[in-house]
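Engineer: Below is one structure. I have some questions about it.
Bear in mind that the values in this text are calculations on the coordinates, not laboratory data. The model shown is predicted, which means the values in this text are computed figures rather than measured ones. Cβ atoms come from the backbone with ideal geometry, glycine included; neighbour counts cover every protein chain shown.
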Amino acid sequence: MHLTHLSDEALIALLERGQEDALAELYDRYGQIAYSLAYRMLRNETLAEDAVQEAFLTVWRNAARFVPERAKASTWLLTIVHRRAVDLVRREERRRTEPFTPSAEAASSEGSAADAAWLRLQRERVQDALRRLPDEQREALELAYYGGFTQSELAERLGQPLGTIKSRMFAGLARLRELLSDVQIEEERWSPKQSTT
Amino acid sequence: MEPEAIHDLTPAYALDALDPHECAEFEKHLRHCERCQAELAELQEVGSSLAYAAPAVATPPALRGSILEQARAERANVIPFPARRSRTTWVLGTAAAVAAAVAIGLGIWTALLNNDLGAERSAHDRVADALAIVAAPGTQRVGLTGGKGLLAVSPSGQGVLVLSDLAQPPSGRTYQAWVIQGKTPKPAGLFRGGNTTVVPLTTRVPQGSIVAVTVEPKGGVAKPTRTPIITTRLS
């Protein structure tokens, strides 16, 4: 069956019926983002692979728990990937605070050139939005999301009251949403004829 | 934790930045707090956009295949409940688990058999046969639409319907199972509901055929007169 024209949400519905080709299609759409995220957090290939594999299998097993009214499929999937990576980063005591500089950019290993260009555009948009956040908000978001630190650990590490950390995270997410909301992230991503500009 | 303070955990939860204790407490709260559910949905969407900002690294070439292989291996054991009744997934890890699930309702079924069939073979034997089919390693198991349970079919085409939480049929009526291949439904057995009902089908179930359940007048009919309440397809 041709699945490339289906929405992410439709693919999740197919997973519920045990269709592996829908899982393959989801991997083709989000595998690279998922792996890059896990690698960014874990900085180790084997651990990043474990996190991504476990996350996709969680999606496979729990597709019936996805509630389309509550979240986009991509949000659901990436939340699961992130949670797996956080679990591993905490268990392996791999949390780091130093900046991350990958040795090599991906030579877009899968997907079409158009997909790769689209992904790059998304990445640049979010990176740009992050740069425009006030420093202390960006710091709180990055240490929590990529670093895997809990809010209490952040309070201790940054020498701030817990309440301050909570409000920085909240303000950071709210500001980030504003910065990203002028152009919808992910929208129309998988419509082949859609221009990305 | 103070009642109001728990709402403040939403941003940290969206970023997975709670410790396990806080996380459990927040999830408990989340179940009945619509305000936090709505806020979380928004914050998670923004939060997950951070995933896109991670510098791109090439995925290991073997990862895709390894995920799909594992998923395939698990598929036989994952039997979804029909969405209409429940959105949870019934994961049956092993054949033994299937047998155990079936055994829960056996007392009831055995009683039904004794009353209704008075068969020449003992109810016990029939139960044992049906269980053997459900639990056998080569057996294909598929979920149902319209009801909780599963259809188990042996490699030779012997079918067993296992239904749970099926209400008793209205008085003067019975449940009737059908095997439909092409356009011809063949009668495959009469039964009542109960906590768990095990129905050995009296007609072989070929690949690609549909198994359906209708409510019919007592004694059964030769052709279905009603729309099926439960269906599944063996593919």
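Engineer: In terms of Cα to Cα distance under 29 Å, which lysines are near enough to residue B:218, apart from those fewer than 8 places away along the same chain?
Structural biologist: B:148, B:183, B:186
Engineer: Here's a follow-up. Where a ≥ b ≥ c are the square roots of the eigenvalues of the C-alpha gyration tensor, would you call the range A:1-95 rounded, which needs a/c under 1.5, or, failing that, prolate if a/b is larger than b/c, or oblate? Don't skip to the answer; put the middle values down first.
Structural biologist: Details: a/c = 2.32, a/b = 1.88, b/c = 1.24.
Here the range A:1-95 falls in the prolate category.
Engineer: Something else: From other protein chains only, count the Cβ atoms within 10 Å of every residue's Cβ in A:168-181, then give the mean. Present the calculation step by step, with values, prior to reporting the outcome.
Structural biologist: Details: counts 1, 9, 7, 1, 4, 12, 4, 1, 6, 6, 1, 1, 4, 1.
Per residue, the average neighbour count from other chains is 4.
Engineer: Residue by residue through the range B:167-174, which ³J(HN,Hα) values in whole Hz follow from phi under the Karplus form 6.51 cos²θ - 1.76 cosθ + 1.60 (θ = phi - 60°), with glycine and proline marked x?
Structural biologist: 5, 4, x, x, 5, x, 10, 9
Engineer: Here is a follow-up. Is the shape of the range B:136-235 best called rounded, prolate or oblate, per the rule: a/c under 1.5 gives rounded, else a/b larger than b/c gives prolate, else oblate, with a ≥ b ≥ c the square roots of the Cα gyration tensor eigenvalues?
Structural biologist: Details: a/c = 1.89, a/b = 1.31, b/c = 1.44.
In terms of gyration-tensor shape, oblate.
Engineer: At a 10 Å Cβ-Cβ cut-off, how would you order B:25, A:153, fewest neighbours first? Can you show the working numbers first?
Structural biologist: On the way: B:25 14, A:153 18.
Exposure proxy ranking, most exposed first: B:25, A:153.
Engineer: For the range B:205-215, what does the Karplus curve 6.51 cos²θ - 1.76 cosθ + 1.60, with θ = phi - 60°, yield as ³J(HN,Hα) per residue in whole Hz, taken in order and with x for Gly and Pro?
Structural biologist: 10, x, 3, x, 7, 10, 10, 10, 10, 10, 9
Engineer: OK, next. Could you line up A:118, A:76 from fewest to most neighbouring Cβ atoms inside 10 Å?
Structural biologist: Values: A:118 18, A:76 24.
Placing the least packed residue first, the sequence is A:118, A:76.
Engineer: For the range B:5-53, what is the convex hull (Cα atoms) projected area averaged across all directions, in square nanometres?
Structural biologist: On the way: hull surface 13.0 nm².
Over all viewing directions, the range B:5-53 projects a mean Cα-hull area of 3.2 nm².
Engineer: Between residue B:57 and residues 5 or more places away or on another chain, which pairs have amide H atoms under 5 Å apart, with H built 1.01 Å from N, and which residues are they?
Structural biologist: A:36, A:106
Engineer: Still on this structure, please answer the following. Could you give me the ³J(HN,Hα) list for the range A:17-33, computed from phi with Karplus coefficients 6.51, -1.76, 1.60 and θ = phi - 60°, whole Hz, x at Gly and Pro?
Structural biologist: Using θ = phi - 60°, the values come out as 8, x, 8, 5, 5, 5, 5, 4, 5, 4, 5, 4, 7, 10, x, 5, 5 Hz.
Engineer: Sort B:67, B:210, B:230 so the one with the fewest other Cβ atoms within 10 Å of its own Cβ comes first.
Structural biologist: Values: B:67 25, B:210 18, B:230 21.
Going from sparsest to densest Cβ surroundings: B:210, B:230, B:67.
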